[in-house]
Structures are given as structure tokens and as C-alpha cells.
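The values are calculated or read from the model by the stated rules, or taken from the named source; none is laboratory data. Fair warning: this is a prediction, and the values are worked out from it, not measured in the lab. Every residue, glycine among them, receives a Cβ derived from its backbone with ideal geometry; neighbour counts consider all protein chains shown. Note: areas computed on protein heavy atoms with side chains; ligands, DNA, RNA excluded. Shrake-Rupley method; radii C 1.70, N 1.55, O 1.52, S 1.80 Å.
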Amino acid sequence: MKTPKYHPETLSVRAGSEATEFGENSEALFLNSSFRFKNAAQAAARFGGTEPGNIYSRFTNPTVTMFQNKLAALEGAEQCVATSSGMSAILACVMGLCSAGDHIVASRSIFGTSVQLFSNILKRWGLEVSFVSLTHPEEWTAAVNSKTKLFFVETPSNPLTEVCDIRVLADIAHQAGAYLVVDNCFCTPAIQKPLTLGADIIIHSATKYIDGQGRCLGGAVLGSKELMEPVYGFLRTAGVTMSAFNAWVFLKGLETLYVRMEAHSSKALALATWLEAQPQVTRVYYPGLASHPQHALAMQQQLSGGGIVSFEVKAKAGQSQQEAAWALIDATKLISITANLGDAKSTITHPASTTHSRVTQEARTAAGIGDSLVRIAVGLEHVEDLIADLQVLSQA
Ligand SMILES: *Cc1c(COP(=O)(O)O)cnc(C)c1O
């Protein structure tokens, strides 16, 4: 792992940056598909890999390269492979590192579409997946078999913000000869650096906090050069490429990542603290609260609690739990009703009927995602305006 000479905030602004002969101070957008060679010999050398340099934007583009190098510096990774979305980052990771017959152990509390990818699509190609509890390491040990290649987690989880001990799972994975993959989308390197805790691979949906303003889709896979080689090989051939325009937006997003994540976290903590004191709220889920079951662990492996707060709304007499949750959502005027997160604009969503509606009621209940649960991804507005938008919760 590289030891950077600068502080992370400085790296987020400066790392990976390269200028052309024009000396531009803000990174240039290379919106072109192919690159010219000086002569036939150079073309052959580039294709043969004996001379480094750009060839074609499906797998080499200077703007995308700058984004990859900046994110790699922030995560402390040897290499970053940028992809067209967070989902294609997961796909590239699995296609690069697994073969038919291999086995993956994944947390039950991962992004709904990731569950679909594993259970409905990759299963058809001969991959076996076992889903286990994020917070019970003994289930991971029990699920391992001789074909286990990857462990896959998100911490904190969505929407209940459960936290796992990354180091403990990394040790179990390594004893089994497997790699630990952490989807670090909720924290970003500004809050949590899984590679320093023993994880082998990091996944990002750049769509969320790396963009930070809800504009573009993108993703990334990070790890050692050795592990990223087959992942990059898959991308080069299959073309799940990040567009240069999106890479340029994400490069700008990364420059403000540290100040934004600090603000998201402090506003989320203030909102969670307020929510906990409201008569119409029965429970709040936020790792930064002392009442969170894994608060101590979260504060040890994260710099702060992050921007996601979930809570349960109390149903009034004659009202179902879903009606209570929907009534709160419909009473908001400022917060956006959308399932996205990581935006400057705060968003509110009802997981049971949206992001987790493809999961059976039974599985939802087992996972603790009840009909009364509401998730807020806290943006960058003033927290008093967010509280004012949720005032119905304060009525006795
Ligand atoms: C959104 C999200 C993804 C998928 O990312 P896309 O960019 O939407 O493809 C994966 N993991 C987590 C945790 C996410 O929140």
C-alpha cells in the first residue's frame, strides 16, 4: 500500500491531476474515442503493451485515468478500475475474479440490485451465493466451502445502518483463501478506509457521494495491481466503461468530498438526535448515536456516522404502519421524495415499498425492514429547515 506524503484532504484536491501543454489548472475533459499514434511502430508498441499510453477510450482515456488515480490515492489502493455504474463495478469484480462453480458469501443486507445480480443473473452462470448475517461472523465461517472466492459486504448497511467488523471478516475470508470485498459507497474514503482494515477489494457507486450532486452514474473497483488485472481485462473486453464526461464530473466531486462528508455527517447526527426525542418516532438507526447497537465499533472503524438516518414512525389509532410512514413522507415540502442518496439535496424514502419491494415480505421482516421504516439521506441544507419539514413527528 502507498504511503501518501500529503493529508487525505490535499490528495482529494491534488492527486491524479495532470495537465496538458496548455497548463490548465482544472483537469481537462478528453471527449474523444480514439488516440493517434506517431507512426505504425508506435501503434504496434501501444497495442503490444510495450509502450504505455492511450489507445481507445473503452479502456484508456486521460480523464478517466485521472479519476482512477485520484480515487486510488484516497482509498490507499494500488489500482482503480472505473466503470459505467456501481452495478457494473460489482459485475466486473465478479467476472474478473470468479469462474463458474465458484462460491460467494454475501451479507443479506446489501443493496437490493446487488442481491438480484447475485441470485438471478450470476447464478445462471454457475456462481453459488450464500447470504448470511452482516453482524454474525460465525455465520460467515459456517458458510465457507472449498470453492469460496469472495466475501461481499456493505457497512453500514442500507437502510438499517448495521455495522460489521471489517477486520474480523477479513481474517475469516483469508483463512478460507477468499478475498473480502467491501462496497464503501455509504462512507467513501473520507469516513472509512476498508483496505487499512484488511479488506482486499473496494467497490464504489460513484453515483452517490463521489458525485455528490446527483448528476452522473459511475462506479469503481479498487485493490492490488494483481487483483485488478483481471477486472481491468474484463472491462477492456466487455466495455462496462465509465464515460469521460462522467469521470470529469466525479473528478470535480472528489475535490470537495472531505468537506461534504463532514457536513453530511454532522447534519445527520443533529437530525438523528432530534428524531430520537420525538413522540412520533419509535426508533432511530444511526451509527453516530450512542443508542446504536454497534456504536463503539462504528466509531472505531469510521471517522463519523455518515449521512444516512433511518427511523420508525409511530402509527396513530386506525392507521397502518405503512400509512403512518407514507403520511410523514407526503407531509414534507422541502426534502425530495426519491430513493437516491449522496446528493446535496436531502432525500426521503420508504424502503419497504420502494428499494426493498422486490424482496418478499417475509425476508423484509427477517431483515428488520418494517412498514414503519423511513430512510433519510441527509443533504447539505440547514438542519433546522430539515427539522421543520418533519414537524409532524413532534406532535404528541
Ligand atoms: C446505488 C448503489 C449501488 C449501485 O450503484 P449504481 O451506480 O446505481 O449502479 C451499489 N451499492 C450501493 C451500496 C449503492 O447504494
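Computed values, structure above
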| item | result |
| --- | --- |
| Test: residue 249 is touching a residue at least 60 places away in the same chain (Cβ under 8 Å) and within 16 Å of the ligand (Cβ to nearest atom) | no |
| Subset of the range 169-192 that is in a strand (DSSP E or B) and in contact with a Leu (Cβ under 6 Å, 6 or more places away or on another chain) - its residue that is farthest from the ligand (Cβ to nearest atom) | 179 |
| Pair list, Cβ < 8 Å and 6+ apart or interchain, from the range 318-341 residues that are among the hydroxyl-bearing types (Ser, Thr, Tyr) to residues that are in a loop (DSSP other than H, G, I, E, B) | 320/371; 332/390; 336/343; 336/345; 336/346 |
| Breaking point among (1) more than 18 Å from residue 256 (Cα to Cα); (2) in contact (Cβ under 8 Å) with a residue 12 or more places away in the chain; (3) in contact with a Ser or Thr (Cβ under 9 Å, 6 or more places away or on another chain), for residue 44 | (2) |
| Residue among 212, 219 that is at positive phi, within 14 Å of the ligand (Cβ to nearest atom) and surrounded by 24 or more Cβ atoms within 10 Å (Cβ to Cβ) | 212 |
| Every residue from the range 222-231 that is open to solvent by 10 Å² or more (accessible area, probe 1.4 Å) and in contact with an Asp or Glu (Cβ under 6 Å, 6 or more places away or on another chain) | 224, 225 |
| Selection within the range 193-216 - in contact with a helix residue (DSSP H, G or I) (Cβ under 6 Å, 6 or more places away or on another chain), part of a loop (DSSP other than H, G, I, E, B) and more than 25 Å from residue 336 (Cβ to Cβ) | 198, 199 |
| Which numbered condition residue 371 fails, given (1) more than 18 Å from residue 280 (Cβ to Cβ); (2) open to solvent by less than 60 Å² (accessible area, probe 1.4 Å) | (1) |
| Looking only at the range 339-353, and only at residues there that are within 13 Å of the ligand (Cβ to nearest atom) and farther than 20 Å from residue 392 by Cβ, the one that is surrounded by the fewest Cβ atoms within 10 Å (Cβ to Cβ) | 340 |
| Yes/no for residue 333 being open to solvent by 80 Å² or more (accessible area, probe 1.4 Å) and either assigned to a helix (DSSP H, G or I) or closer than 23 Å to residue 186 by Cβ (or both) | no |
| Failed criterion for residue 267 (all others in (1) farther than 30 Å from residue 218 by Cα; (2) open to solvent by 20 Å² or more (accessible area, probe 1.4 Å) hold) | (1) |
| Selected residue (criterion: farthest from the ligand (Cβ to nearest atom)) from residues of the range 140-167 that are charged (D, E, K, R) and within 20 Å of residue 200 (Cβ to Cβ) | 147 |
| Residues of the range 294-330 classified as surrounded by fewer than 20 Cβ atoms within 10 Å (Cβ to Cβ), part of a loop (DSSP other than H, G, I, E, B) and small (Gly, Ala, Ser), total | 4 |
| Wholly enclosed strands (runs of 3 or more DSSP E) of the range 35-138 bearing at least 1 residues open to solvent by 20 Å² or more (accessible area, probe 1.4 Å) and out of contact with any Pro (no Cβ under 9 Å at 6 or more places or on another chain) | 79-83, 128-132 |
| Near pairs, Cβ below 7 angstrom, 6+ apart or cross-chain, from the range 373-388 (part of a helix (DSSP H, G or I)) to any residue that is small (Gly, Ala, Ser) | 383/270; 386/346 |
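For (1) on the phi > 0 side of the Ramachandran plot; (2) in the same structural domain as residue 220 (by TED's automatic domain parsing); (3) at pLDDT 95 or above; (4) within 15 Å of the chain's Cα centre (by Cα), each residue gets a yes or a no:
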{"position": "129", "(1), (2), (3), (4)": "no, yes, yes, no"}
{"position": "139", "(1), (2), (3), (4)": "no, yes, yes, no"}
{"position": "153", "(1), (2), (3), (4)": "no, yes, yes, yes"}
{"position": "159", "(1), (2), (3), (4)": "no, yes, no, yes"}
{"position": "176", "(1), (2), (3), (4)": "no, yes, yes, no"}
{"position": "183", "(1), (2), (3), (4)": "no, yes, yes, yes"}
{"position": "187", "(1), (2), (3), (4)": "no, yes, yes, yes"}
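The rows are residues; the columns are (1) within 16 Å of the ligand (Cβ to nearest atom); (2) farther than 30 Å from residue 245 by Cα.
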site	(1), (2)
71	yes, no
77	no, no
81	yes, no
86	yes, no
101	no, yes
104	yes, yes
118	yes, no
